[in-house]
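Enquirer: Handing you this structure, nothing more for now.
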Amino acid sequence: MTKNLTEGDPARLIFFFALPLVAGNMMQQLYAFVDTLIVGRFLGVNALAAVGCTGSLMFLTLGFIMGFCTGVTIYTGQRFGAGDAAGVRQSAATCVLLGIVVTSVLTAIVLPLTRTLLVWMETPPEIIDGAQDFISIVFAGLIIFLLLYLQNCLIRALGDSTTPTVFLAVTLGINVALEPVAILVLGWGIPGAALATVFSQAIGALVFFIYIRQRVPALHTRWSDWKPDGTVLRAHLQMGLPMAFQSSVIAVGAIILQVALNNLGALPVAAFAATQKIDAVAVMPMLSFGYAMAAYTAQNYGAQQYERIRMGVRACLRMSMAFAVGIGVLLISFGTHVLALFVGADAAGADEVIAYGQTFLLVNGSTYIILALLLVYRNVLQGLGQSVIPTIAGAMELLMRAGAAIFLCAHLGFFGACMANPLAWIGAGIPVAFAYLWTEKTLRRTA
């Protein structure tokens with residue numbers, strides 16, 4: 001069901017648009033959470049480290065696709081806000097065409113390089129084979145992930161954040177059911193975890209397609225919509241590619257950090273892998289407020305409702321910052337109890353893994369408010385179609401994470417690695433905040 005975000009109370013619209021996104025994005029992160037939890041509990045710490053050390057490579061590829069899908073569908077949202085039905089259909093077709101081409105090229109590049117990338121990252125010898133088994137299957141299924149996530153973004157661009165949540169819940173339920181069967185019953189080990197995830201994503205993509213054909217007439221394309229139009233293609237690429245590269249630049253910083261972690265040994269790698277999964281779920285509401293602002297801003301920008309954009313930013317900042325403080329306190333206070341689920345109290349090295357994880361949760365949980373500001377401002381700029389500053393912010397994240405990996409890890413060990421996220425948020429937040437304040441003056445003059 002589509003929803004017009006250009007009418008009504010901005011705070012209420014953003015909150016109730018973000019609410020299903022919180023659940024949906026948390027479920028998306030729970031893919032990785034479930035993989036890590038089941039692998040760690042039933043296959044051991046080395047298997048946990050093997051799956052966990054692929055996180056930065058997954059971020060590099062899946063993040064690229066997610067950034068691209070989010071970027072190109074901003075154009076869809078702008079056309080919907082402007083009441084341009086033909087433009088919405090043409091945009092949907094263009095998103096699919098470009099998405100398939102970009103993802104096919106990405107797969108052809110990364111799949112043959114799987115082992116080489118893990119070697120470059122100095123993956124410990126005892127976990128490199130398991131890591132290769134896992135990430136190779138994920139890379140082979142990138143086109144499936146694209147079809148799942150692109151349809152999710154198209155529906156979201158039309159103002160519907162509830163339906164994607166329901167379908168992602170179904171997809172996660174299938175994954176949760178299949179993964180223990182693949183690992184414990186069929187004995188497929190680490191590859192079983194990856195196969196279960198890819199297969200569940202394929203079912204989810206099919207469910208999205210059927211729903212769009214039956215319930216979302218705004219996305220029912222015609223043959224004429226599939227004819228490439230140079231102007232429309234450029235408009236989509238100008239939004240999609242910078243956001244995709246922005247995600248990849250951030251991921252490169254994560255890979256550099258992973259290399260530094262790999263040099264610390266398997267236990268720090270396992271701790272970082274597990275706490276990253278907890279952290280990823282914890283920040284989902286803040287990410288969801290950001291995604292809500294991108295959709296809200298895109299529709300209102302298309303409708304030339306500039307004052308409503310400014311009102312929405314103020315409301316969203318209040319909500320996101322309040323949540324950041326609350327979840328930070330909870331993680332610092334109780335996060336180690338969740339961490340213990342990954343390794344089990346009796347597992348070899350469990351106490352050391354939990355001690356490392358507690359440091360990560362303390363450092364990150366106390367700085368979430370910086371992330372909240374960054375996500376709101378960056379997504380507003382992206383909703384306006386601005387891509388240069390968010391890309392610069394991504395480069396700043398790379399520099400800060402790389403700096404933490406190269407300098408802080410060498411002198412402070414695991415604590416230095418934990419400082420990477422807060423430093424990256426600060427580095428990215430400065431140009432984004434200044435860019436939004438400058439943009440706000442322009443919006444105020446034209447309102």
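A quick yes/no check of all residues on (1) over 20 Å from the mean Cα position of the chain (by Cα); (2) surrounded by 14 or more Cβ atoms within 10 Å (Cβ to Cβ); (3) closer than 30 Å to G173 by Cβ; (4) at pLDDT 95 or above:
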site	(1), (2), (3), (4)
G204	no, yes, yes, no
F209	yes, no, yes, yes
R222	yes, no, no, no
K227	yes, no, no, no
G230	yes, no, no, no
A235	yes, yes, no, no
L241	no, yes, no, no
V249	no, yes, no, no
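Enquirer: Regarding Y356, is this residue among the hydroxyl-bearing types (S, T, Y) and either outside any helix (DSSP H, G or I) or over 30 Å from R79 (Cβ atoms) (or both)?
Expert: Yes.
Enquirer: Still on this structure, please answer the following. Just give me the residues in region 123-142 being of a type in the set (S, T, Y) and more than 18 Å from G44 (Cα to Cα), in sequence order.
Expert: Correct list: S136 only.
Enquirer: Right, here's the next one. Would you check if D129 is among the acidic types (D, E) and closer than 29 Å to A50 by Cβ?
Expert: Spelling it out, D129 is indeed among the acidic types (D, E) and closer than 29 Å to A50 by Cβ.
Enquirer: Quick one: which residue in P112, P125 is modelled with pLDDT of 90 or more and surrounded by fewer than 16 Cβ atoms within 10 Å (Cβ to Cβ)?
Expert: P112
Enquirer: Tell me, please, whether a residue that is closer than 21 Å to V101 by Cα and either part of a helix (DSSP H, G or I) or in contact with a strand residue (DSSP E or B) (Cβ under 8 Å, 6 or more places away or on another chain) (or both) can be found in region 213-221.
Expert: Within region 213-221 (the criterion being closer than 21 Å to V101 by Cα and either part of a helix (DSSP H, G or I) or in contact with a strand residue (DSSP E or B) (Cβ under 8 Å, 6 or more places away or on another chain) (or both)), the answer is yes, since at least one residue qualifies.
Enquirer: Among the hydrophobic types (A, V, I, L, M, F, W, C), surrounded by fewer than 22 Cβ atoms within 10 Å (Cβ to Cβ) and closer than 30 Å to T442 by Cα, is that true of A355?
Expert: Considered against the rule, which asks whether it is among the hydrophobic types (A, V, I, L, M, F, W, C), surrounded by fewer than 22 Cβ atoms within 10 Å (Cβ to Cβ) and closer than 30 Å to T442 by Cα, A355 comes out as no.
Enquirer: A follow-up question, please. Does region 2-23 hold any residues that are surrounded by fewer than 21 Cβ atoms within 10 Å (Cβ to Cβ), modelled with pLDDT of 85 or more and small (G, A, S), and which are they?
Expert: Matches in region 2-23: G8, A11.
Enquirer: Any residue in region 226-250 that's part of a loop (DSSP other than H, G, I, E, B): show its pairings with residues that are crowded, with 22+ Cβ neighbours inside 10 Å at Cβ separation under 9 Å, as long as the two are six or more apart or on different chains.
Expert: K227/Q90; P228/T94; D229/Q90; D229/T94
Enquirer: Checking I183 against (1) surrounded by 18 or more Cβ atoms within 10 Å (Cβ to Cβ); (2) over 23 Å from L381 (Cβ atoms); (3) at pLDDT 95 or above; (4) not hydroxyl-bearing (S, T, Y), which test does it fail?
Expert: In the conditions (1) surrounded by 18 or more Cβ atoms within 10 Å (Cβ to Cβ); (2) over 23 Å from L381 (Cβ atoms); (3) at pLDDT 95 or above; (4) not hydroxyl-bearing (S, T, Y), I183 misses (3) alone.
The values are calculated or read from the model by the stated rules, or taken from the named source; none is laboratory data. Since the model is a prediction, treat every value here as computed from it, not as a measurement. In this analysis, Cβ positions are derived from the backbone assuming ideal geometry, glycine residues included, and neighbour counts consider all displayed protein chains.
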